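The values are calculated or read from the model by the stated rules, or taken from the named source; none is laboratory data. Everything numeric here is computed off the predicted structure, so don't read it as measured data. Here the Cβ positions follow ideal geometry from the backbone for every residue, glycine too, while neighbour counts run over all protein chains shown. SASA here: full protein model, heavy atoms, side chains in, ligands and nucleic acids out. Shrake-Rupley method; radii C 1.70, N 1.55, O 1.52, S 1.80 Å.
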Amino acid sequence: DQQVKQNSPSLSVQEGRISILNCDYTNSMFDYFLWYKKYPAEGPTFLISISSIKDKNEDGRFTVFLNKSAKHLSLHIVPSQPGDSAVYFCAAKKMSSSYKLIFGSGTRLLVRP
Amino acid sequence: DGGITQSPKYLFRKEGQNVTLSCEQNLNHDAMYWYRQDPGQGLRLIYYSQIVNDFQKGDIAEGYSVSREKKESFPLTVTSAQKNPTAFYLCASSEAAANTIYFGEGSWLTVV
């Protein structure tokens with residue numbers, strides 16, 4: 001039973017355009033959400049996070065939106081750059097159980113020059 | 001440089017053999033984790049440790065063992081009981097009760 005789902009295994013976007021990566025979760029107890037970026041044969045690197053008390057968090061070209069009623073979050077990258085091409089993982093947790101981070105299956109983003 | 005070091009990067013193992021993956025961190029983090037990634041799947045938690053000399057099973061602990069004798073080290077042993085050991089293994093660490101965990105570069109294990 002997947003508690004965190006990334007239903008799009010891949011996404012292709014033109015350089016300079018917006019990339020939107022989506023993530024859905026089923027556990028209403030989740031109250032903290034993170035996005036990680038991963039290049040092949042490397043460990044994931046932390047990108048951006050959001051707690052459930054907010055509905056938006058922005059860091060440079062990256063913005064995460066949280067819709068608690070729909071149990072949905074999205075990562076927007078504007079403008080997209082070829083170096084953004086990687087696999088993006090969504091993750092969720094309950095802050096009260098700090099050690100259990102649940103990951104989605106990832107979305108492979110390709111930014112075309 | 002502060003970070004998490006995993007070794008070896010690539011490891012081949014014969015069926016029936018145990019193998020140990022090393023993970024060392026110099027971030028002074030209290031918590032350490034081991035995750036496994038299979039193609040097309042997310043990261044799944046094998047074991048985690050909140051403090052020295054203590055560790056808990058994650059979602060897929062069967063066939064694995066760990067130890068936490070030192071704060072900076074959290075080795076993972078893949079035993080012969082693990083039925084499908086070929087995977088990419090990721091070690092991570094975090095400050096106590098932190099929301100964000102940080103990953104090492106990963107180790108590829110292939111059973112031949």
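Could you list, in sequence order, the residues of segment B:85-99 that are crowded, with 22+ Cβ neighbours inside 10 Å, modelled with pLDDT under 95 and at the interface with chain A (Cβ under 7 Å from one of its Cβ atoms)? Across segment B:85-99, there are no qualifying residues.
Counting the residues of segment A:39-59 that are of a type in the set (D, E, K, R), loosely packed, with under 14 Cβ neighbours inside 10 Å and more than 23 Å from A:Lys100 (Cβ to Cβ) gives 4. Quick one: in segment B:54-76, of everything that is more than 11 Å from B:Ala31 (Cα to Cα) and open to solvent by less than 30 Å² (accessible area, probe 1.4 Å), which residue is farthest from the other protein chains (Cβ to nearest Cβ)? Applying the filter and picking the extreme gives B:Gly63.
Only a single item in (1) open to solvent by 20 Å² or more (accessible area, probe 1.4 Å); (2) touching a Leu at 6+ places or on another chain (Cβ under 7 Å); (3) more than 21 Å from A:Ser97 (Cα to Cα) is not met by B:Ser80, and it is number (2). Among residues that are at negative phi, touching a residue at least 60 places away in the same chain (Cβ under 8 Å) and open to solvent by 50 Å² or more (accessible area, probe 1.4 Å), B:Asn18 is included. Just for segment A:52-66: of the residues that are within 13 Å of the chain's Cα centre (by Cα) and of a type in the set (S, T, N, Q), which one is farthest from the other protein chains (Cβ to nearest Cβ)? The selected residue is A:Thr63. Here A:Tyr32, A:Tyr36, A:Tyr25 are screened, and the one residue that is out of contact with any Lys or Arg (no Cβ under 6 Å at 6 or more places or on another chain) and either within 14 Å of another protein chain (Cβ to nearest Cβ) or surrounded by fewer than 17 Cβ atoms within 10 Å (Cβ to Cβ) (or both) is A:Tyr36. Candidates B:Tyr35, B:Tyr47: the one that is within 12 Å of another protein chain (Cβ to nearest Cβ) and open to solvent by less than 10 Å² (accessible area, probe 1.4 Å) is B:Tyr35. The residues on offer are A:Ser12, A:Ser8, and the sole one that is closer than 17 Å to A:Val87 by Cβ, open to solvent by less than 70 Å² (accessible area, probe 1.4 Å), away from chain B (no Cβ under 13 Å) and polar (S, T, N, Q) is A:Ser12.
Yes/no per residue for (1) among the charged types (D, E, K, R); (2) free of Cβ contacts under 8 Å to residues at least 60 places away in the same chain; (3) not in a strand (DSSP E or B):
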| residue | (1), (2), (3) |
| --- | --- |
| A:Leu34 | no, no, no |
| A:Pro40 | no, yes, yes |
| A:Ser49 | no, yes, no |
| A:Phe65 | no, yes, no |
| A:Ala70 | no, yes, yes |
| A:Pro79 | no, no, yes |
| A:Ala91 | no, no, no |
| A:Tyr99 | no, yes, yes |
| A:Ser105 | no, no, yes |
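When B:Tyr102 is tested against (1) away from chain A (no Cβ under 14 Å); (2) closer than 27 Å to A:Pro40 by Cβ, only condition (1) is not met.
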